[in-house]
1. Using the Karplus equation 6.51 cos²θ - 1.76 cosθ + 1.60 (θ = phi - 60°), what ³J(HN,Hα) coupling, rounded to whole Hz, does each residue of the range 35-42 give in order, writing x for Gly and Pro?
2. Counting only heavy atoms of the protein chains, get the accessible area per residue of the chain (1.4 Å probe) and round it to a whole Å² value.
3. Could you tell me which trypsin sites (Lys or Arg not before Pro) in the range 205-283 are loop residues by DSSP with no more than 15 other beta carbons within 10 angstrom of their beta carbon?
4. Students often check this: by mean Cβ neighbours within 10 Å, which of 172-182, 190-200 ranks highest, and how do the rest follow?
5. Give the Debye-formula value of log10 I(q)/I(0) at each listed q (0.07, 0.11, 0.15 Å⁻¹), with one equal scatterer per alpha carbon of the range 3-272, two decimals each.
6. Expressed in nm to one decimal, what extension gain is obtained for the pair N112 and L65 from 0.36 nm per residue of sequence separation less their Cα-Cα distance?
7. Based on the alpha-carbon gyration tensor of the range 1-118 and its eigenvalue square roots a ≥ b ≥ c, which shape applies: rounded if a/c is under 1.5, prolate if not and a/b is larger than b/c, or oblate?
8. Among K45, K168, what's the order by accessible area (1.4 angstrom probe), most exposed first?
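The values are calculated or read from the model by the stated rules, or taken from the named source; none is laboratory data. Please read these numbers as outputs of a predicted model, since none were measured by experiment. All Cβ positions, even for glycine, are placed from backbone atoms using ideal geometry, and neighbour counts span all protein chains on display. Surface areas here come from the heavy atoms of the whole protein model, side chains and all, with no ligands, DNA or RNA. Shrake-Rupley method; radii C 1.70, N 1.55, O 1.52, S 1.80 Å.
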Amino acid sequence: MARITAGVTTSHVPAIGAALDNGRSADDYWKPVFAGYEFSKEWIKAEKPDVIFLVYNDHASAFSLDLIPTFAIGVGERYEPADEGWGRRPVPTVEGHPELAWHIAQSVIQSNFDLTMVNRMDVDHGLTVPLSLMFGQPDAWPCKVIPFAVNVVQYPPPSGRRCYELGKALRKAVESFDADLNVQIWGTGGMSHQLQGPRAGLINAEFDNQFLDRLINDAESLSHVPHIDYVREAGSEGIELVMWLIMRGALEDRVNCLHRFYHVPASNTAVGHLILENTGNRT
Ligand code: DHB
Ligand code: FE
């Protein structure tokens, strides 16, 4: 059967993609950011996942105010990097896994979570920057990716609790797929940031580090934190962090934290990154 072996969380700051694409990753400003992913790049080379279930948010690239799905699963064969106003990023096309994606859609929808199925969409920095951070600059991404877009752009976003419970349904879905696949789940976006209004530039390192602590060891209670606490403490875009709870819900109650990284600032945000591994102990 397919199994979820590990979870990865990472910020998706678009300027990180630009730094990499323009050969600036060794600059004084960017070096410490990329250094935080050195371990991760080696780790993932050894892990060789077959599929990444990549929870991310679209930033009005594939969707717009015309159509705002709360949860959208990519069931297509492939996804092109979006043109976000300065051309397509020079990164490979993302190859999907339609068979697993349709299986997950069936299982999760019939577990009472209403997903939107997407056959065709372009993927923006929310998805491509995490891939670049973990895999560098390959000619082709080394595994299949199932994009899973969450609305955290237009109010109201889903609650942390809903996201956490969705993660649990995802785990059940993956583990009932009859093929021997190593599946990772990634929760991306975050951490504290606010891009507009009087509080633009807000970063709250204390909140972020507590969030990292609790995501590892105390996720059940963390999942009950209401939206308003994210907005107050982590800024309006800090709400992206609910996507990390989908990842955490899909892992076991007890996990090993293999890697933890936190750095401020990168553009307007804090960069946070975790690698969590299932222990194999069923709870
Ligand atoms: C920035 C961060 C984001 O998450 C985003 O989607 C856009 C911009 C930033 O820090 O500049
Ligand atoms: Fe974002």
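1. Per residue, the Karplus-derived 3J(HN,Hα) values read 4, x, 10, 4, 4, 4, 5, 5 Hz.
2. Result: 42 Å² per residue.
3. R254, R282
4. For the peptides 172-182, 190-200, the packing ranking is 190-200, 172-182.
5. Debye intensities relative to I(0), on a log10 scale: -0.21, -0.55, -1.11.
6. Gain on stretching N112 to L65: 14.4 nm.
7. oblate
8. Result, largest first: K45, K168.
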